[in-house]
1. In the neighborhood of S234, defined by Cβ-to-Cβ distances under 9 Å, what is the net charge if each Lys or Arg adds +1 and each Asp or Glu adds -1?
2. Across the stretch 428-433, in residue order, what do the Karplus-derived ³J(HN,Hα) couplings come to in whole Hz, using 6.51 cos²θ - 1.76 cosθ + 1.60 with θ = phi - 60° and x for Gly and Pro?
3. Starting from the Cα gyration tensor of the stretch 363-411, take the square roots of the eigenvalues, sort them a ≥ b ≥ c, and report rounded, prolate or oblate (rounded when a/c is under 1.5, otherwise prolate if a/b is larger than b/c, else oblate).
4. In nm, what is the difference between 0.36 nm times the number of residues separating D223 and A358 and their Cα-Cα distance?
5. Could you line up R83, R155 from fewest to most neighbouring Cβ atoms inside 10 Å?
6. Among DSSP beta bridges lying fully in the stretch 11-262, give the percent that are antiparallel, nearest 5.
7. So how strong a dipole does the stretch 11-262 carry about its Cα centre when Lys and Arg Cβ are +1 and Asp and Glu Cβ are -1, to the nearest 20 debye?
8. Run the simple label-point estimate for R387 and A156 please: 7 Å along Cα→C-beta, distance reported in nm.
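Readers should treat all values here as calculations from the given coordinates under stated rules, not as data from a laboratory. Remember, it's a predicted structure, so these values are computed and weren't measured experimentally. Please note: Cβ atoms are built from the backbone with ideal geometry, for glycine as well, and neighbour counts cover all protein chains shown.
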Amino acid sequence: MNRHPHSIGHINVVIGVAFSLLLLLFEVPAISQGDYPLRDAVECNPRGGVPNFSAKLLEKNDVKIAYLGGSITAAPGWRVQSRQWFQLQSPDVTVHEIPAAIGGTGSDLGVFRLQNDVLRHQPDLLFVEFAVNDGGAAPAQIQKAMEGIVRQAWRADSSLDICFVYTVSEPVMGDLRAGRMQRSASAMEEVADHYGIPSIHFGVKVAELEKAGKLVFQAAKPDNIQDFTPMVFSTDGVHPHVETGHQIYTQAIARSWPAILDASGEPQAHEVPEPLRADHWELARQIAIAPDMLIGDWQRLPADHSLAKRFSRNLPELYQAMAPGAALEFTFEGTTAAVFDLVGPDGGQVSVELDGGAPRTRNRIDGYCTYHRISKLAVATEMPNQRHTVRVILTPEQLDKRNILFERNRIDFDQHSDKYTAHTWYAGSLLILGQMIPNESK
């Protein structure tokens, strides 16, 4: 995670590390996940280049670069370094940054938050980085979300250029060592092919340096890391060190950019072709919660509330359920819905009812929750494409929070038990694949 004036906040550095490590528990090297064809590992596929972005730089127009991704992008590494590199290449313009990364999240969330976190800021270039956090997802799911990102972006702004970038973690290094891209990147390459989007694989050089004995992928961080040989890429097998691994990632952009510029041609509007997949997620949306969706005792957090301030970039509004029985009710027509919410030490239990069916309970605290972080409460997934009703209710259940926490985090409960006393729920917005239907008068 990063600490940037427009970011979620420094605490999310820790959040992203924890989330990404959790994802790795379920991530299997691509070669053992079925027979999905893996692409040859090449550092850059220029395809159609970035014609509009390059033209703006030549015309000496100020530009904005958006970075959509997970914790590797949120860290103050390749994102910060690449913006600085672009600035050095074009000293007569100002290169602005739009940070849009959330640790531990993949393209299946990125496609929903694209409008709020990226498109409303009107970027000129969009980097998309989800290869690590999509590592455990099925190729079809990855393509649905990535295609949705592209189609949404070009519907909103046909001049917006996009570049896919692929990061690595220890579970996928076996593929790279064998000269192949990991499964998630291979799936993304199909989308890039279909839409003519350039891509850069950050891990090709990592594997090359490792093979030459110049890099160790995972080891304890030495005190003199910048002078230590062989280079230590990461400590946790996921997150590169800013001084080493992130510099390799940035250098991959610098090496690839001349070929991408050569492929760019004249500036032109990006057409939205027939889709690669009929079930793409172009209709994924982040939708504000309307007051008539809230039943019972709720409070909208004021702008100066600590949680409202910390998460305002991704959740412009936050509502807190103040007592058991407080409910969120909405109706949509589509296939998939979730609530973009917070989990934390004061999180309680909610009951989810879909189409009047049997309720399912979900805790809004987990083993990591010594702090608050953004989360996604799934309420409907891959349902028939029709009208659905959703009701989410804060239950009176008093959770055994100490036992919910991971053992290493229970010391925080013992030392600060007061912050775990409340049993509440913070709802921020809806994530809908489809269309909202106004609630009938109550």
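1. Details: positive: K221; negative: E170, D236.
Neighbourhood net charge equals -1.
2. x, 7, 9, 10, 10, 9
3. Values: a/c = 3.53, a/b = 2.24, b/c = 1.58.
Prolate is the answer for the stretch 363-411, as a/c is 1.5 or above and a/b outweighs b/c.
4. Numbers: separation 135, 0.36 × 135 = 48.60 nm, distance 5.55 nm.
Value of the extension gain: 43.1 nm.
5. Details: R83 19, R155 12.
Fewest-to-most ranking of R83, R155: R155, R83.
6. Values: 4 of 26 bridges.
So the antiparallel bridges amount to about 15 percent of the total.
7. 160 debye
8. Simple spin-label model gives 3.0 nm for this pair.
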